[in-house]
Structure formats: structure tokens, C-alpha cells
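Report on the structure given below.
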Amino acid sequence: MALTTEPLRILSIGAHPADIFDQSGGTMAHHVSQGDHVGCVVLTHGARIHDKVISDEMHRRNEVPEAGELQALMNERADIKAEETRAACRLLGVEEIYFFGADDAVLRVTDENVRQLARLLREFRPNIILTHFPRESDAIVNPHAVTGQIVMAAIMLAGAVDPGDRNPPHKVAQIFYFGTGAAAIPRREVWDADGGYYNDVFIDITDVAHKKVASLDALESQGYGGAYARKRIETSDGAMGVAAGVPYAEAFISLRAETHYTLPLTTYALDGARESDHEKIGRVSYRIALD
């Protein structure tokens, strides 16, 4: 059976405001451009994560504000992050975004988190979910991994009825886990030696790399704009591109093996087989102007 040509419904689910862009911004832009319905979910408010006030300025103080003042400041920073996230989504053509507002202090797989997400899945009815790998890093306290675990539990619950939700059950056709951080390259911790997971899907984002950079530029409070955005594209998406045989790529780990009627062969594989070594090096070496 051939690949489906009907419009898809895709939901990218991140632990923090920047994750959906950092991990799948180019992929989302592609699907929006071909007429698919793309939405995003941010589980935590992310006020503690890389915020230039909460996590940076407070780090250098001798004493942080008292509880009420600090909470008010965190609420303010969370609102700023949410507005930046909306702006970044608009740059990719994504208009539907859901903020769960969970505290990013300690993220856990709780009944409340799972049921809230399961209800959204029954309402949005995605065919494809993009999210964090449930065993990323230590898979215990890592909020990315916990998010992946919440998503998997919610997918299972969404496939059944739940009293109080009038939407019918919904099953997701495929899940693609963000490859960066889960199966990219060995890093610095003992957890990275576990699993042996590998990226098996690469999306060529060369033509929309500038859009991904623009979305990261919008995340000013995160510190992801400017130099970091450009370094991120070159070092991570560039490295994934080299692995995929293109200038820039996003990598994913698919949950389920795919079934085909005939053996699948992409145009990328066919064209690559017809190139000489130097032709391939020259093509992959292309660097987009990001300034």
C-alpha cells in the first residue's frame, strides 16, 4: 500500500516551551506547507528552564525574593515564554497550541497529567505524535523522558472511554520520538551507554532551516536566539544532515515498524546511489545563509 495522501493531523508535544521548535520545527513547517493540520502542546510553563531572569539572574544573587514575590515573578516569566512560543509557532505556520502549565520543578507521570492529555488527544485526534523519547537520559527525573512517558500513558488512555469525556476513543497511527538527546551521539553520562537506540527517520529541513532559526530567535527569554540558534542548526541539524546525506535534517526514532505492499525506496536513496563521493560531499557541505 502506498503512503497516504490524505491530510494528516500532527501533534508535537514538548516538555518545555522551546522543545517543540528545537526538536521538530523544520518538520512541522514542512507539514504545514503541504496542508496538514499541525498543533503543539507544551506541558510545563518552563519558567525555571534557561530563563534569563529566573535561572540566570537569580543564580548570581545572594538571596532570592520571598515566596510570594518569587511566585509572581515566575508567573510573569511564564507568560512571557508563552507569548514567545505563540510567536515562534506563527513563524512556522502553526496556529493551534495548548499550554498545560504544569510546574517545571518536578514533572511526574500523574493521573491528572495523563487524563488531561488523553482528553486533548480525543479532541484533537492526531494521526501522528512527535514527542520526547521515554528513556532519554536517566529516564527517571529527566523531564523530557517523563514527558514521553506521560504521552505514552495518555495515548493508551485516549484509546478507551473515560467518564466525563464525551469524545469517542482515538488511536494514534504512529509516534516519532525526538532523536536529538535520545539517539544522537554518546555524551557525558553513564545513562548514555544504555539502550542502543538509533534514529531511523530523518527529515530534510534544508529548505526551511531559516524558518527554524527564526522560531528559535523568537525565544528570547530562553536564550536560544542569535548565536545559539545558528550554532544549534549547524552542530545538531547539520550533524543529523550529514548522517542523512543532506545539509540539514531533524532525526526521529519511530515507535512502530512500517508495513508496505512493496519494498520502500526513497528518492533520496536513489539519487544518492547515483552520486560520486565528491558530488555527495559537495551537496552535503552546502551551508544556508542564516543571518
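Span-like helix check, the chain: qualifying full DSSP H segments, with Cα axial length of 20 Å or more and mean Kyte-Doolittle of -0.5 or more, are 19-33, 67-92, 143-158. Distance from the C-alpha centroid of segment 2-34 to that of segment 82-114: 15 Å, rounded to the whole angstrom.
From the Cα gyration tensor of segment 224-291, with a ≥ b ≥ c the square roots of its eigenvalues, which class applies: rounded if a/c is under 1.5, or else prolate if a/b is larger than b/c, or else oblate? Before the final figure, lay out each step's value.
Values: a/c = 3.59, a/b = 1.42, b/c = 2.54.
Oblate is the answer for segment 224-291, as a/c is 1.5 or above yet b/c matches or exceeds a/b.
By other beta-carbon atoms within 10 Å, ranking Cys40, Cys89 with the fewest at the front produces Cys89, Cys40. Using R0 = 30 Å, the C-beta based FRET efficiency linking Asp111 and Val53 works out to 0.35.
Shown is the FRET efficiency for Glu95 and Arg274, computed with R0 = 45 Å from the Cβ-Cβ distance and rounded to the nearest 0.05: 0.65. Sorting 260-267, 24-31, 168-175 by average packing, meaning the other beta carbons within 10 Å per residue, from highest down gives 24-31, 168-175, 260-267. Taking amide hydrogens as placed 1.01 Å from N in the peptide plane, the amide H of Ile49 sits under 5 Å from that of no residue at least 5 positions away in sequence or on another chain. Close amide-amide hydrogen proximity is noted between Tyr98 and Cys40, Val41, Val42, each under 5 Å apart and 5 or more residues distant or on a separate chain (H modeled in the peptide plane; Pro and chain starts excluded). Close amide H partners of Ile205, meaning residues 5 or more places away or on another chain with modelled amide H under 5 Å apart, are Tyr248, Ala249, Glu250. From its DSSP helices (H runs of at least four residues, each -39,500 (n - 2.57)), the chain gives a residue-normalised ellipticity at 222 nm of -11500 deg cm²/dmol.
Ordering of 277-283, 240-246 by packing is 240-246, 277-283, highest average first (other Cβ atoms within 10 Å, averaged per residue). Each residue of segment 125-140 is assigned a 3J(HN,Hα), and the resulting list reads 6, x, 7, 10, 10, 10, 7, 6, 6, x, 10, 5, 6, 7, 6, 10 Hz, derived from the Karplus form 6.51 cos²θ - 1.76 cosθ + 1.60 (θ = phi - 60°), x at Gly and Pro.
No lab work stands behind these numbers, since they all come straight from the coordinates. These figures come from a predicted structure and were not determined experimentally. Reconstructed Cβ throughout: ideal geometry from the backbone, glycine too, with neighbour counts over all protein chains shown.
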